[in-house]
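Worksheet for the structure shown next.
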């Protein structure tokens, strides 16, 4: 037991120091941060504004009104922002495979998956969280979302679980690079799929696609199913409401799976260059 | 101690053909082939040795080093580092290794050098007292004080390499792998690195495996050489033995007062004639330099002469040419 505690302490000490170093590093280039500070909130605020125009001009999307859509969009964006803060490296795993970026990690007496997962803290992610909070708070207020204790815990667990689903999903798609040495296209497809399935209700898509995003690639649990449960929306959902809040469980399962695939991939790692 | 037994490493590569047609063919029916980068390498390195691991580009040096350090898994064969396999117990083995890649720094580019040392302290769980003592040693051996607070990106190549060496030695590993540690450095910086390597070897009996193309490094540091070519060990032994066996000749350069005379001595070859200058080469096991000089001076008046010993470059030339 004391060995385990010592080991936890060791990993915590390295992880927190790596995080601190990453932040210090970014603060060396403040102008870079400022440019993102303008671009990212604009991109997502325009996105939700477009949704409002669509719903106002035409009709509710698969029965979803604008307040409900804003709630879903904001909920999805919260885990997106958090993922960009803690797990942006999962977007670049393929580069690391191709350029021999795991050599140094393999030379350290630490688990490689841990080093990869906790190697970086990205300040720019905080910029993504700004529109996320604005849109989510607007959605909550427009829908009259009731901040009971249960609902608050629910939102928190969904956001954390969804962050795990997102980063595990990116890790899994990029792990292809261990075998193919190239995964940029996978990353691009994954990114599109992620945006389209988490910012809009799944019920606007054909049944087969919904089924895939529920049982095969469970991205539906990032914002769609939890929103149906939290707002008590019944139209067009494929799942019973009790399972809709399983986001943390699915997040942990996907995280476990991504670790297994990562470790398998690492055995095929060829450490390019000399 | 390092033991490598019959190491083999194969890579599967896709054959690339030229042109659009080749690219399409590669897409539809890729032709895969197996390339053997390391082909049955065996050696044993004892504690405290400094071994030069040499060979031309693409000979398999880096692949071997990556297998020894646990980065790559061998296709077959066995590696034991202090009796433990780096592939079965990677974290245990690397706890005792220091590795410096001359072309890839492990230092944090944007931060002051000291931050990278602090990270090493946490990774290797070095106690505060031990860390302070090690830092003092490193400061005195490598002169770190003057640039410890400078961001790594602003360091000269020589300073950066000194920083890399310090980072690799902070946890006092028993084995140090150095992959081209003097590449691109000026003469003074090279000498500082070599002095450091000698020092840690003498002080702590650190085993050092050095891959380099700089023969000065080899001559100054390595008592033993392992030469690899086409993935196989082609030479392994003390530096002097290799020179004796592979370059057993000596050369005399003679500057004559007048025209170069005709020299015909059994076993002595004329390798170069240029104006009044002539270079003779002979087997140093069969002749002494004195006997050749005396034979020459009997034939013509000599203004000046010098004796040239064979160099490590002459020994290695054949392998490097072979690969060119």
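Results, tabulated for the structure shown:
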quantity	calculated
Per-region count, the range B:266-282, residues closer than 17 Å to residue B:306 by Cα and outside any strand (DSSP E or B)	2
Any hit, the range B:40-54, residues being modelled with pLDDT under 95, over 22 Å from residue B:178 (Cα atoms) and within 13 Å of chain A (Cβ to nearest Cβ)	no
Pair list, Cβ under 7 Å, 6 or more apart: the range A:252-274 residue away from every other protein chain (no Cβ under 14 Å), other residue modelled with pLDDT of 90 or more and surrounded by fewer than 18 Cβ atoms within 10 Å (Cβ to Cβ)	A:259/A:113; A:262/A:113
Qualifying residue in the range A:151-160 (condition: in a helix (DSSP H, G or I), crowded, with 21+ Cβ neighbours inside 10 Å and at pLDDT 90 or above)	yes
Any helices (runs of 4 or more DSSP H) falling wholly within the range B:85-166 and containing at least 3 residues that are more than 9 Å from every other protein chain (Cβ to nearest Cβ)	B:113-123, B:128-142
Residues of the range A:85-113 that turn out to be more than 11 Å from every other protein chain (Cβ to nearest Cβ), within 29 Å of residue B:96 (Cβ to Cβ) and in contact (Cβ under 8 Å) with a residue 24 or more places away in the chain, as a count	4
Subset of the range B:171-188 [within 13 Å of chain A (Cβ to nearest Cβ) and either assigned to a loop (DSSP other than H, G, I, E, B) or surrounded by fewer than 20 Cβ atoms within 10 Å (Cβ to Cβ) (or both)]	B:171, B:173, B:180, B:183
Qualifying residue in the range A:16-28 (condition: under 23 Å from the mean Cα position of the chain (by Cα) and more than 30 Å from residue B:151 (Cβ to Cβ))	no
Selection from the range B:55-69 of residues that are part of a loop (DSSP other than H, G, I, E, B) and either away from every other protein chain (no Cβ under 11 Å) or touching a strand residue (DSSP E or B) at 6+ places or on another chain (Cβ under 7 Å) (or both)	B:55, B:56, B:59, B:60, B:69
Flag if residue A:27 is over 27 Å from residue A:221 (Cβ atoms) and either exposed (fewer than 15 other Cβ atoms within 10 Å of the Cβ) or in contact (Cβ under 8 Å) with a residue 24 or more places away in the chain (or both)	yes
Qualifying residue in the range A:58-65 (condition: more than 18 Å from the chain's Cα centre (by Cα) and part of a helix (DSSP H, G or I))	no
Index of the failed condition, residue A:225 passing every other in (1) free of Cβ contacts under 8 Å to residues at least 40 places away in the same chain; (2) more than 16 Å from the chain's Cα centre (by Cα)	(2)
In the range A:26-47, residue modelled with the lowest pLDDT [restricted to those that are facing another protein chain (nearest Cβ under 9 Å) and closer than 16 Å to residue A:126 by Cα]	A:29
Among (1) facing chain A (nearest Cβ under 10 Å); (2) over 18 Å from the mean Cα position of the chain (by Cα); (3) farther than 17 Å from residue B:160 by Cβ; (4) outside any loop (DSSP other than H, G, I, E, B) - the single one residue B:79 does not satisfy	(1)
Among (1) modelled with pLDDT of 85 or more; (2) part of a helix (DSSP H, G or I); (3) surrounded by fewer than 17 Cβ atoms within 10 Å (Cβ to Cβ), the one test that residue A:243 misses	(1)
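Table: residues versus (1) assigned to a strand (DSSP E or B); (2) in contact with a strand residue (DSSP E or B) (Cβ under 7 Å, 6 or more places away or on another chain).
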position	(1), (2)
B:227	yes, yes
B:236	yes, yes
B:242	no, yes
B:245	no, no
B:264	no, no
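The values are calculated or read from the model by the stated rules, or taken from the named source; none is laboratory data. Remember, predicted model here, so these are calculated numbers, not experimental data. In this analysis, Cβ positions are derived from the backbone assuming ideal geometry, glycine residues included, and neighbour counts consider all displayed protein chains.
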